[in-house]
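Q: Take this structure first; my questions come after.
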C-alpha cells in the first residue's frame, strides 16, 4: 500500500507496526482498551469514517497463545468487547472493529438454546466444502445501514482458543436465518481479521430496486422509430413490421417495458447486424465491426513476431512500452459546492508476469492512495472538494511494459492437479451470481466435451464452441444482468467479458482452474475496455485465453485466431485479476460496475455517482514496441 494521506500516516503506521511486529497489545491498543471502565462498550469503527475504513481493511495478528490464561489486559478487553456486542444487539464482533488488530472475535452460538457468546482467539478455518450458499440479509456493525445476501460455506471445520486457553476443534454447520447460522457468523467475523467485509462477498449486487430501474432505463432508451431510423440511415433499407417483430421475438432486438412503454436497448439496432445472419444481406460492411476488429491490422504483423523461450511450448512476443494518462471529469452540475468527491481510477497491476516496469509519473492530487495488488481491482484513490464554477477533474499518468505470450498446447504436458491445493479449490469453485453450475451450464458443457480425453481437449472444445456460436455484440451494463453466462446462452451473443465468464464457468465445472483478467486493449487505432481469462495447468502455470479475440475475421498469421486459445498479445493494460472484488480504500456506496473495473468509480459523501454523471478518458501519450 502506497499512501500520501499525510494526516493519517502516523495513525496508520502504528497499526501496521502492530501487525508486523507484535503478538501482544501495543501501547496504542492498550490506550483503546483502557479508555473506559470494563462495563462500558467500545466505539465501533465505521466505513463512513476515513481512518476507520482504512483500519477495517488491514490484516490482524495472532496473540501469544501461551499467555492467554491470566492475561489481565486480554480479560479486560474481552469484557468490554462483550459489552459492546450486547449493546449493539449484534451476533458477533471482531477486535479490528474496535481498532485492535488482533485475531480475536466473539460469536454467538445460534445452535444453543441460550445463544451463548463464545470467544475465538487465533481462529482458523481448517477446511470447508467447495460448494457455497447464499446467506440472506447479512449485515455488519461497521456498515449498519446496509444489508445484502453473502456467499458463505454451508459448514466449516474450525480451530481456535477459548478465553481459558483451551484449544477447540469442531465443525460448525448451518446457514439459515430461521435456524442455526453459527457457521456464517464465524465466517463473517473471521473475514474481519483479514480486512474483508461482507460487502466483498455479496451473492448479488447491493443495488436497490429503484437504482436498478434507473440503470436499466439508461440502457433502454430507444423507441421503435429510433431503431428504424438508425437502420435506414446506416444500411439504406427499411425493415418491415414483421421483421422487427421477429427480431424482438428471437431476442435479437432487446427491449424492456419502461414506465409502461416498450423501450429498446441503446445499441439494439447495430447489434441486429452483428448477430442475425438474415439481416447481414442488407449490411453496410464499412460500419460493422466487432470491438476487436480495429486491432486486426496490428495483430496480423505482431503475432508473426513470436519467438521461442527456454520453456518447452512457451513463446513470447516483443515487449510494448506504453505511457498513459487517465482522466475522470465530474461536471459541476453533478455535485454540490463544498462536497467531497471521491474517485477510484484504474492503475496497472504489478503481480502480472506479462506486465512489468510499472511506473507512477504524476497525479492531479497530492493526497492519493495506491492500492497496489492487495485487492482484485488495482486503483489509485483521490479526493477533491467541489468548487463553484469548476468541474472536478482527477487524473493520473503512469507507464508500463506489456509482453504477450503464446503456449503451443501440443507441446505442453500438464501434471495431475493437486485437488487439495488452495489454488485448485478457489478457481474451480462457483462464484455466484455469475459463476454457477446451473443445469444449462452442466448439460451444454457435458455435450461439448463428451468425447474429450484431457483437460487440454476440454479447453479446445469449449473455446471453439464459444467462438463459433456466440458473436460479439454490445452489452448491457453488467450490474443489470442477474447471471451473465446464462444471458449469453439465452440471447446467443456476448461481449468480451460475457463470453469470458461463460468460458470460466464451463472450465470450472469440468474441474479446470480458470479465472478472470481484464483491463484495456491498447492497440494503435483501437483503444478500449477489454476482458479475457486465464486457465491453469499443473506444472505449466496460468495460460492466457482471450475467447473474444478468437472471433472475427481470419488473421494473417500461421496460428490464426486460435492463437488466443492459449495466448495474448502485447497491447494490454492489466488492472484486474478477478471480478466483483474489493477496493482499497473501500467504497461506501454500491458500485457503478459490480463486476469489472476499467472506467473507474466515483462517489460523494452521500451517494454513488453512476456512469452517466461523469466522463472518463484513457489517452496514450506514447507507445513503443521494443
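Q: If I fit a long axis through the Cα atoms of helix 224-235 and take the longest principal axis of the Cα atoms of the chain, what angle between them do I get, 0 to 90°, rounded to 10?
A: 50
Q: If you take the alpha carbon radius of gyration of the stretch 68-202 and divide it by 2.2 N^0.38 Å, what ratio comes out, to two decimals?
A: Details: Rg = 14.1 Å, N = 135, 2.2 N^0.38 = 14.2 Å.
The value comes to 0.99.
Q: As I understand it, the value is the acute angle between the Cα axis of helix 496-509 and the longest principal axis of the Cα atoms of the chain; what does it come to in degrees, rounded to 10?
A: Once rounded, the angle reads 60 degrees.
Q: For residue 177 and residue 420, what is the calculated FRET efficiency with R₀ set at 25 Å and r taken between the beta-carbons, to the nearest 0.05? List each step's numbers first, then the result.
A: Details: r = 32 Å, r/R0 = 1.28.
So the FRET efficiency works out to roughly 0.20.
Q: For the stretch 307-322 and the stretch 401-458, compute the distance between their C-alpha centroids and round to whole Å.
A: Cα centroid to Cα centroid, the span is 24 Å.
Q: Please list 40-46, 615-621 highest first by mean number of surrounding beta-carbon atoms within 10 Å per residue.
A: On the way: 40-46: 17.3, 615-621: 14.1.
Ranking, from highest mean packing down: 40-46, 615-621.
Q: When you take every Cα atom in the stretch 476-560, what is the radius of gyration, and what is Dmax, the widest Cα pair distance, in Å?
A: Answer for the stretch 476-560, Rg first and Dmax second: 14.0, 40 Å.
Q: What FRET efficiency comes out for residue 127 versus residue 311 if R0 is 30 angstrom and r is the Cβ-Cβ distance? Round to the nearest 0.05. Walk me through the numbers on the way to the answer.
A: On the way: r = 34 Å, r/R0 = 1.14.
Result of the calculation: an efficiency of 0.30.
Q: Follow-up question, since we're still on this one. Take residue 24 and residue 116, extend 7 Å from each Cα along the Cα→Cβ direction, and tell me the distance between the two endpoints in nm.
A: Distance between label points: 3.1 nm.
Q: Using the count of nearby Cβ atoms within 10 Å as a rough guide to exposure, how do 493, 50 rank from fewest to most?
A: Details: 493 23, 50 14.
If I rank by nearby Cβ atoms, fewest first, I get 50, 493.
Q: Percent of Cα-Cα pairs more than 17 Å apart in the stretch 209-282, please.
A: Details: 1111 of 2701 pairs.
Cα-Cα pairs in the stretch 209-282 separated by more than 17 Å: 41 percent.
Q: With 10 angstrom as the radius, rank 521, 58, 506 by how many other C-beta atoms surround their C-beta, starting from the fewest.
A: On the way: 521 23, 58 19, 506 28.
So the residues, fewest neighbours to most, are 58, 521, 506.
Q: Can you sort 274, 224 by how many other beta carbons sit within 10 Å, fewest first? Walk me through the numbers before you get to the answer.
A: Details: 274 19, 224 15.
Exposure proxy ranking, most exposed first: 224, 274.
Q: Say each of residue 221 and residue 246 gets a label point 7 Å from the Cα, pointing the same way as Cα to Cβ; how far apart are those two points in nm?
A: Distance between the two pseudo-spin positions: 3.2 nm.
Q: Can you grab the distance from the C-alpha centre of the stretch 209-280 to the C-alpha centre of the stretch 327-355, Å, no decimals?
A: Using only Cα atoms, the two centres lie 32 Å from each other.
Q: Distances over 19 Å make up what percent of all Cα-Cα pairs in the stretch 114-178?
A: Values: 1012 of 2080 pairs.
Across the stretch 114-178, Cα pairs with separations above 19 Å total 49 percent.
Q: Now for a separate question. Quick one: compute the contact order of the chain, relative version, from alpha carbon pairs under 8 angstrom and 6+ residues apart, as a percent. It would help to have the intermediate numbers written out before the result.
A: Details: 1274 pairs, mean separation 87.4, N = 626.
Across the chain, relative contact order equals 14 percent.
Q: Put a dot 7 Å past each Cα toward the Cβ at residue 87 and residue 440; how far apart are the dots in nm?
A: Those two pseudo-labels are separated by 5.0 nm.
Q: In Å, the Kirkwood hydrodynamic radius of the chain over pairs of distinct alpha carbons?
A: Mean inverse Cα-Cα distance, inverted, gives 26.6 Å.
Every number in this text was worked out from the coordinates using simple rules, so none of it is lab data. What you are looking at is a predicted structure, and each value in this text was computed from that prediction instead of being measured. A quick note on method: Cβ atoms are made from the backbone with ideal geometry, for glycine too, and the neighbour counts reach across all protein chains shown.
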